Amino acid sequence: MSNLAVGATIDPGHASDDPSRRDFIHIAAIAAAAGGAASVAWPFIDQMNPAADTLALASVEFDLTKVMEGMQVTIKWRGKPLFIRNRSAAEIAAAQKDDNAPMKDPAKDADRVKAGKEQWLILIGTCTHLGCVPTFGGGDWGGWFCPCHGSQYDTAGRIRKGPAPLNLALPDYAFLSDTKVKIG
Amino acid sequence: MSGHSTYTPKTGLTRWLDSRLPILRLAHDSFVDYPTPRNLNYFWTFGGILSLCLGVQIITGIVLAMNYTANAALAFNSVEHIMRDVNYGWLIRYAHANGASMFFIAVYVHMLRGLYYGSYKAPREVLWLLGCVIYLLMMATGFLGYVLPWGQMSFWGATVITNLFSALPLVGPSITTWLWGGFAVDNPTLNRFFSLHYLLPFVIAGVVVLHVWALHVVGQNNPTGVEPKSKADVLPFTPYATVKDGFAMSLFMIMFAVFVFYLPNSLGHADNYIPANPIVTPAHIVPEWYFLPFYAILRAVPDKLMGVLAMFGAIACFFALPWLDTSKVRSMRYRPTARLYFWLFVLSACVLGLCGARLPDDQVIPGLKTFTLIDSDPNSFVWLSRIAALYYFAYFLLITPILGLVEKTSPVPETIASPALNAKKA
């Protein structure tokens with residue numbers, strides 16, 4: 001069908017045995033159209049990614065004197081809850097005792113805190129399963145319990161039971177002084 | 001469509017229009033003269049009821065959008081403004097919120113009717129697939145709409161559902177960030193959800209047109225599953241189907257009205273009257289009732305990715321059904337064994353719905369202490385949902401393909417009209 005049309009319009013002066021040039025034009029036209037469509041589509045897709053002001057969210061400084069031993073403060077950081085927990089000696093001991101217990105996402109307690117600051121456990125407070133906020137004091141390990149699908153974390157925020165695949169995430173943070181921490 | 005058009009324009013104006021845009025002819029051929037099997041029962045009225053539901057949702061939704069504000073700081077209060085200050089706002093919002101539940105009640109009856117009478121079997125596969133697409137779009141629309149009041153259930157429902165995509169390896173986290181437009185569900189998420197919630201019903205309406213088109217190409221199935229063979233087997237759509245559909249719609253609207261006027265919050269959750277709080281998850285979050293069976297399947301699997309795949313797989317089963325069923329007999333009226341498994345399937349879906357509404361570790365029989373099987377007490381809703389989910393998948397993937405090859409069916413009538421004629425003789 002298309003060959004017929006090509007034959008009908010071709011200039012008889014030129015050899016009609018030149019399909020490669022015509023193929024080239026077809027392919028080039030299709031490629032240009034596809035490339036054009038893709039480059040137009042991209043802005044429409046990318047506009048859904050975080051906007052500049054969302055990305056520019058500043059880091060947070062937090063005064064640790066507000067948190068008594070055995071207490072936890074939840075602050076909002078990048079739209080998510082952040083747990084700042086002042087762990088009791090019993091909680092630290094329980095976490096260190098289980099360092100070699102079989103775990104889904106094995107980690108040492110020492111790797112989840114800053115050296116010499118074992119009482120300060122700073123975690124992103126969203127369950128690694130589907131993003132709910134776990135509550136402290138539930139579950140069999142005395143750590144966090146997620147009300148949505150029953151994931152249980154220990155006193156180092158490590159996943160011990162339930163559908164969550166990973167330990168509660170650690171944000172980037174640094175101690176500015178003994179009583180001040182900067183997160184982000 | 002079926003055969004020649006019998007439409008004859010009667011006035012000068014309709015003759016003029018018919019030769020320019022034969023839209024009245026299309027309507028006449030599709031909804032007046034269209035032949036319908038003479039033995040359709042009330043389960044065949046749900047197609048009409050569903051179009052009514054879509055119409056109600058679109059009209060109430062457009063009106064709500066005139067009074068709603070899609071902004072994280074204002075959304076919750078704008079819904080309360082609709083409830084308290086806007087004239088008849090309470091009525092329109094309750095009709096829209098309960099309308100979603102009515103829509104799903106109707107679609108589940110419609111789907112189970114298709115399952116029972118084999119309406120997905122050749123030559124109706126495309127018709128069935130389009131229906132599955134509509135169901136998927138309905139679920140997406142229902143979910144997006146539930147987020148808009150920006151209450152606690154809205155927020156945490158949105159968080160859990162969007163986090164499902166984080167289970168995908170490699171691309172998961174980028175996809176969730178892209179869906180959110182940030183690092184958590186927040187104002188950008190609410191804005192885009194509103195935009196899409198407004199769009200999708202019109203997409204549904206478009207696919208409904210294709211669904212009805214496909215229906216009118218292959219014709220309606222009927223309770224015998226036997227194709228109409230002669231004029232004796234069919235009746236014109238008007239008045240027979242229109243009046244019957246109209247009567248069923250009236251009954252359905254009475255039930256709808258009972259919910260809107262007497263039980264407007266019975267299908268919702270009290271927690272959604274608490275404004276969204278990104279740092280506190282409610283103690284017990286559950287989706288709307290129409291998602292509960294799939295939510296139970298998600299929770300039944302202890303692995304994140306596998307759980308998400310099982311949940312989507314449960315929906316994918318419906319798409320694959322036309323090619324899973326090996327039976328030569330269409331209607332379960334003549335498949336006594338299949339009927340038994342069908343009702344067990346309905347039971348398993350209801351049990352899953354029940355499990356989805358409970359906490360996984362809650363006891364099914366209160367007070368009965370047992371042991372730990374793998375990770376939980378067998379007397380817990382997580383194990384009950386595992387058993388029900390296993391049956392759910394077995395029904396599609398094992399029972400349906402195998403049963404069609406081995407079952408003993410009862411005799412199928414020659415024509416739709418013949419059982420009635422034989423009964424008269426006897």
> Pairs, please: C-beta under 6 Å, at least 6 apart or cross-chain, first residue more than 11 Å from every other protein chain (Cβ to nearest Cβ) and free of Cβ contacts under 8 Å to residues at least 40 places away in the same chain and in region B:148-177, second assigned to a helix (DSSP H, G or I) and of a type in the set (Lys, Arg)?
Replying inline: none
>> On the basis of being more than 14 Å from chain A (Cβ to nearest Cβ) and surrounded by 22 or more Cβ atoms within 10 Å (Cβ to Cβ), does B:GLY145 make the cut?
In response: yes
> Just one of B:GLY268, B:GLY219, B:GLY225 is under 26 Å from the mean Cα position of the chain (by Cα), farther than 23 Å from B:LEU112 by Cα and buried (at least 16 other Cβ atoms within 10 Å of the Cβ); which is it?
Replying inline: B:GLY268
>> Could you check region B:290-303 and list, in sequence order, the residues that are in a helix (DSSP H, G or I), within 9 Å of chain A (Cβ to nearest Cβ) and either in contact with an Asp or Glu (Cβ under 9 Å, 6 or more places away or on another chain) or open to solvent by 20 Å² or more (accessible area, probe 1.4 Å) (or both)?
In response: B:ARG299
> Mind checking which residues of region B:25-49 are open to solvent by 60 Å² or more (accessible area, probe 1.4 Å) and more than 16 Å from B:TRP213 (Cα to Cα)?
Replying inline: B:ARG38, B:TYR42, B:PHE43
>> Quick test for you: out of B:TYR108, B:TYR68, B:TYR34, pick the one residue that is out of contact with any Ser or Thr (no Cβ under 8 Å at 6 or more places or on another chain) and of a type in the set (Ser, Thr, Tyr).
In response: B:TYR108
>> Please count how many residues of region B:253-279 are over 25 Å from B:ALA72 (Cα atoms) and not in a loop (DSSP other than H, G, I, E, B).
In response: 10
> Is it true that B:ARG113 is within 14 Å of chain A (Cβ to nearest Cβ), modelled with pLDDT of 95 or more and either open to solvent by less than 40 Å² (accessible area, probe 1.4 Å) or within 30 Å of B:ARG335 (Cβ to Cβ) (or both)?
Replying inline: no
>> If I ask for residues that are among the aromatic types (Phe, Trp, Tyr), part of a helix (DSSP H, G or I) and touching a helix residue (DSSP H, G or I) at 6+ places or on another chain (Cβ under 7 Å), which ones from region B:61-114 would you list?
In response: B:TRP90, B:TYR94, B:PHE103, B:PHE104
> On the given criteria, is A:THR179 more than 11 Å from chain B (Cβ to nearest Cβ) and at pLDDT below 90?
Replying inline: yes
>> Just the residues that are open to solvent by 10 Å² or more (accessible area, probe 1.4 Å), more than 7 Å from every other protein chain (Cβ to nearest Cβ) and either part of a strand (DSSP E or B) or touching a Cys at 6+ places or on another chain (Cβ under 9 Å) (or both), please, taken from region A:131-151.
In response: A:THR135, A:PHE136, A:GLY138, A:GLY139, A:GLY142, A:PHE145
> Restricting region B:179-197 to residues that are outside any loop (DSSP other than H, G, I, E, B), under 17 Å from A:LEU57 (Cβ atoms) and within 28 Å of the chain's Cα centre (by Cα), which is farthest from the other protein chains (Cβ to nearest Cβ)?
Replying inline: B:THR189
> Which residue, of A:PRO81, A:PRO102, is surrounded by 18 or more Cβ atoms within 10 Å (Cβ to Cβ) and within 14 Å of chain B (Cβ to nearest Cβ)?
Replying inline: A:PRO81
> Before we move on, is A:THR128 open to solvent by 30 Å² or more (accessible area, probe 1.4 Å), within 11 Å of chain B (Cβ to nearest Cβ) and at negative phi?
Replying inline: no
>> Which condition from (1) away from chain B (no Cβ under 14 Å); (2) surrounded by fewer than 17 Cβ atoms within 10 Å (Cβ to Cβ); (3) on the phi > 0 side of the Ramachandran plot is the one that A:GLY184 breaks?
In response: (1)
> So which residues in region B:199-210 are over 14 Å from the mean Cα position of the chain (by Cα) and open to solvent by 40 Å² or more (accessible area, probe 1.4 Å)?
Replying inline: B:LEU199, B:PHE202, B:VAL203, B:VAL209, B:LEU210
>> Return the pair list, or none, for Cβ contacts closer than 7 Å from residues in region B:195-207 that are closer than 19 Å to B:ALA75 by Cβ and in contact (Cβ under 8 Å) with a residue 40 or more places away in the chain to residues that are outside any helix (DSSP H, G or I) and open to solvent by less than 30 Å² (accessible area, probe 1.4 Å), at least 6 apart or on different chains.
In response: B:HIS197/B:LEU148
> Among the residues of region A:23-64, which ones are outside any loop (DSSP other than H, G, I, E, B), within 12 Å of another protein chain (Cβ to nearest Cβ), open to solvent by 60 Å² or more (accessible area, probe 1.4 Å) and under 30 Å from A:ILE84 (Cα atoms)?
Replying inline: A:ALA52, A:ASP53, A:LEU55
> Quick one: would you say B:ARG335 is touching a Gly at 6+ places or on another chain (Cβ under 7 Å), of a type outside the set (S, T, N, Q) and closer than 30 Å to B:VAL412 by Cα?
Replying inline: no
> Which of the residues that make up region B:304-324 are within 11 Å of chain A (Cβ to nearest Cβ) and in contact with a Lys or Arg (Cβ under 8 Å, 6 or more places away or on another chain)?
Replying inline: B:GLY307
>> I'd like to verify a number: residues in region B:360-380 that are surrounded by 12 or more Cβ atoms within 10 Å (Cβ to Cβ), modelled with pLDDT under 80 and of a type in the set (A, V, I, L, M, F, W, C), how many?
In response: 1
> Could you count how many residues in region B:275-288 are touching a helix residue (DSSP H, G or I) at 6+ places or on another chain (Cβ under 6 Å) and either surrounded by fewer than 16 Cβ atoms within 10 Å (Cβ to Cβ) or at the interface with chain A (Cβ under 9 Å from one of its Cβ atoms) (or both)?
Replying inline: 3
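The values are calculated or read from the model by the stated rules, or taken from the named source; none is laboratory data. Here the structure is a predicted model, which means the values were calculated and not measured. Positions of Cβ are backbone-derived with ideal geometry, glycine not excepted, and every protein chain shown enters the neighbour counts. Note: areas computed on protein heavy atoms with side chains; ligands, DNA, RNA excluded. Shrake-Rupley method; radii C 1.70, N 1.55, O 1.52, S 1.80 Å.
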